[in-house]
Amino acid sequence: MSSRSVGYGICPRCGNRGVLIIKELNGGYYAYYRHGRTWHYIGPLPVVYEQVINSLDSEYRESLRRAITQVSAFHGIITINKHVVSKLINGIINIRNGILWFVILNALFYITAIISIHSEIISIADIVKVINALVSLTLTYAFLLNGFNTLSDVDNVKYGIGLGGTYLRMIGLSIVIVANVGYALSIFTLITATLLTIITGAIIIVSWVLIYMAILRLAKYVDLGKALKVGMLLTLMGYSLDLVPGINILSPLLQMIGEILMVIELGTAAVKLRNVGIH
Ligand SMILES: [Zn+2]
């Protein structure tokens with residue numbers, strides 16, 4: 001991590017004079033104002049650029065412009081405009097809505113799984129599983145794909161991985177449906193269906209890893225809370241438990257908690273971005 005002080009100006013956060021510091025972290029650039037020992041975080045530089053340059057004393061503005069040009073030449077970072085900010089917000093909201101639907105579907109599946117365990121009607125859980133996969137498949141198109149498509153307009157290389165994960169997830173879920181329907185219609189034996197389910201489980205885990213990696217790449221533009229990473233970890237643990245026969249009842253619960261954390265954090269990220277995007 002490197003940091004450089006640019007010059008004096010008025011901190012947009014507290015209105016006091018201070019020194020503008022630009023920090024580099026994992027390829028992202030972040031603006032801070034330092035008042036002695038107190039640091040105020042302003043935001044990711046590409047997003048708050050206009051606000052920050054206007055806050056600087058006029059004699060230091062050229063120095064920031066020069067720094068940005070060097071950065072652009074080196075990392076391919078350009079100052080993002082309102083159009084890009086709105087694309088980022090749109091992308092985040094779509095992905096958030098997609099994950100929000102998974103929370104709802106998981107809750108539904110969890111309730112039916114519990115009911116079917118306590119009753120003799122085991123087939124209910126299987127039917128719900130197929131419906132769940134079908135709805136989830138549709139939502140992949142509706143939200144995740146839409147979200148990553150929008151983000152790919154901003155940076156194709158960075159967010160393409162999320163698009164890849166979304167397609168992979170679609171393939172995985174299609175096989176889940178085929179395996180379950182095939183078993184129900186006695187086309188597949190129990191062993192074939194189980195094997196297919198395990199393979200698709202692994203595919204789905206990989207697809208979520210790709211999707212999460214793309215979401216984490218947003219950190220360049222918006223500060224994502226720690227809860228987001230915790231949420232991702234919990235969901236991945238939940239999906240991994242799906243592969244272990246016998247303790248399936250725990251996995252939807254972990255996925256649900258993890259997904260709720262992600263929904264909250266992505267919502268907060270979208271609001272923050274909206275706030276800095278409007279000067
Ligand atoms: Zn301040």
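The values are calculated or read from the model by the stated rules, or taken from the named source; none is laboratory data. Not measured: the values here are computed from a predicted model. Virtual Cβ from ideal backbone geometry, glycine too; neighbours counted across all protein chains shown.
Results, tabulated for the structure shown:
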item: Pick from the stretch 38-84, criterion among the hydroxyl-bearing types (S, T, Y) and touching a Phe, Trp or Tyr at 6+ places or on another chain (Cβ under 7 Å), ranking: modelled with the lowest pLDDT; result: T79
item: Qualifying residue in the stretch 270-278 (condition: within 30 Å of I42 (Cα to Cα) and at pLDDT 90 or above); result: no
item: Within the stretch 4-59, tally of residues that are within 11 Å of the ligand (Cβ to nearest atom) and either outside any strand (DSSP E or B) or touching a Pro at 6+ places or on another chain (Cβ under 7 Å) (or both); result: 9
item: Among the candidates I131, I171, residue that is over 30 Å from P46 (Cα atoms), free of Cβ contacts under 8 Å to residues at least 12 places away in the same chain and out of contact with any Lys or Arg (no Cβ under 7 Å at 6 or more places or on another chain); result: I131
